[in-house]
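Enquirer: One structure follows; several queries about it will come next.
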Amino acid sequence: MPAVTKTNARKSPKAQASASRARRTQPTPRERGSFKSPRQKQARFGKRNQAPEGGLARLRALVSGGRIFATLAGGLVVGALVFGLFAGGHVAALGAAIVAESKSAVAAIGLRVDEVTVEGRNRTAPQEVLAALGVTRGQYIFDLDLAAARARLERLEWVESATVSRHLPDTVHVHLVEREPYAVWQRGGRLSLIDRNGSLITDNDLSRFAHLPLVVGHGAHRKAAMLMSELMDRPALAARVQAAVRVSDRRWNLKLQNGIEVRLPARGISDSLRKLVRMDAKNGVLSRNIRAVDLRVPGRITILIDSESAAQRRAAFTARSGKGGRDA
């Protein structure tokens with residue numbers, strides 16, 4: 001088979017001139033307007049129907065398309081529905097119903113109050129504890145406000161402090177610290193039981209505490225502990241004290257069981273009591289028929305004799321003096 005050789009046929013000069021004229025008559029890309037610079041291409045880059053850049057441009061697009069009015073209308077409808085639900089109490093009622101159902105479901109599996117245990121209760125009545133605690137059997141255990149319950153318990157007469165705790169699943173535990181009775185306080189015609197700090201405990205059924213010291217006068221409840229501490233260091237004297245009377249909220253007078261009054265100074269009580277005990281041990285002054293021992297003046301002890309004893313002493317002295325005169 002003969003070889004085939006590809007050849008380029010040369011056009012005639014006339015044909016080449018005609019083709020050149022045809023190319024010059026066609027419009028260029030710039031003339032057609034289809035030519036774009038790289039910056040113009042970058043500015044036009046994006047997805048089809050992409051929103052124009054800038055808030056103002058987007059607003060123009062929404063207004064021109066009519067979509068802004070539809071959006072506003074939809075927002076107003078939703079806002080009105082939400083406002084109606086809240087204003088009408090439907091949301092609150094729905095929430096309360098859900099919470100109630102949840103509590104019932106949780107209580108059904110055991111988280112309800114079935115037992116109340118109390119520690120440290122000696123003088124407080126059980127019914128007072130339960131009433132102050134404010135809890136009922138079968139109640140959802142987390143409904144109990146521990147802080148409020150503690151505050152109510154601490155308002156009871158005998159309770160100094162209280163602790164309330166939950167012991168899951170079904171127990172509420174109360175720990176009480178009760179006040180210790182220390183003395184009976186009398187002011188005017190009123191009697192009250194007080195603790196060591198001078199805090200009032202109760203005004204009721206004080207006959208059970210007749211063995212406690214009696215302090216009398218305004219301000220006596222605040223200073224009683226200091227005086228009683230001094231007396232407890234001298235038990236023989238303390239056993240003879242019937243009452244301690246606060247004078248002008250400044251000093252004390254001791255009333256002894258045999259009626260003698262011991263007048264103490266405003267300062268230096270310890271030294272005065274020590275002298276009194278020493279003198280009584282030596283002379284038995286507190287067992288004599290006297291009215292008072294006055295220790296208010298530092299370095300001096302004054303003994304006051306009652307009127308009957310003074311009359312008897314004067315009579316005896318007169319009798320001895322007359323007899324002596326006749327003998328003379």
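Enquirer: Order these peptides, 295-306, 181-192, by their mean beta-carbon neighbour count within 10 angstrom, highest first.
Expert: The densest-packed peptide leads the list: 181-192, 295-306.
Enquirer: Counting only C-alpha contacts under 8 Å and six or more residues apart, can you give the relative contact order of region 138-239 as a whole percent?
Expert: With pairs under 8 Å counted, the relative contact order is 18 percent.
Enquirer: Using 20 Å as the cut-off for backbone N distance, which residues of region 162-201 belong to the label zone defined by a point 7 Å from the Cα of Ala147 along Cα→Cβ?
Expert: Inside the label zone: 162-167, 173-175.
Enquirer: Taking all protein chains as present, what is the carbon and sulfur share of the accessible area of region 165-212, in % to the nearest whole number, probe 1.4 Å?
Expert: Of all accessible area on region 165-212, carbon and sulfur atoms account for 49 percent.
Enquirer: Could you state the accessible area per residue of region 200-276 in Å², with a 1.4 Å probe and every protein chain left in place?
Expert: On a per-residue basis, 51 Å².
Enquirer: Further, regarding this structure: Tell me, what is the FRET efficiency for Asn283 and Met226 to the nearest 0.05, using R0 = 22 angstrom and their Cβ-Cβ distance as r?
Expert: According to the calculation, E is roughly 0.20.
Enquirer: Sticking with the crude label model, points 7 Å out along Cα→Cβ, report the distance from Thr302 to Thr163 in nm, one decimal please.
Expert: Here the modelled spin labels are 5.6 nm apart.
Enquirer: For Leu227, what accessible surface area do you get with a 1.4 Å probe? Give it in Å², rounded to 10.
Expert: Accessible surface of Leu227 is approximately 0 Å².
The values are calculated or read from the model by the stated rules, or taken from the named source; none is laboratory data. If you're wondering where the values come from, they're calculated on a predicted model, not measured in any experiment. No Cβ is skipped: glycine too gets one built from the backbone with ideal geometry, and neighbour counts run over all protein chains shown. Just the protein is used for accessible areas: all its heavy atoms, side chains included, with ligands, DNA and RNA removed. Shrake-Rupley method; radii C 1.70, N 1.55, O 1.52, S 1.80 Å.
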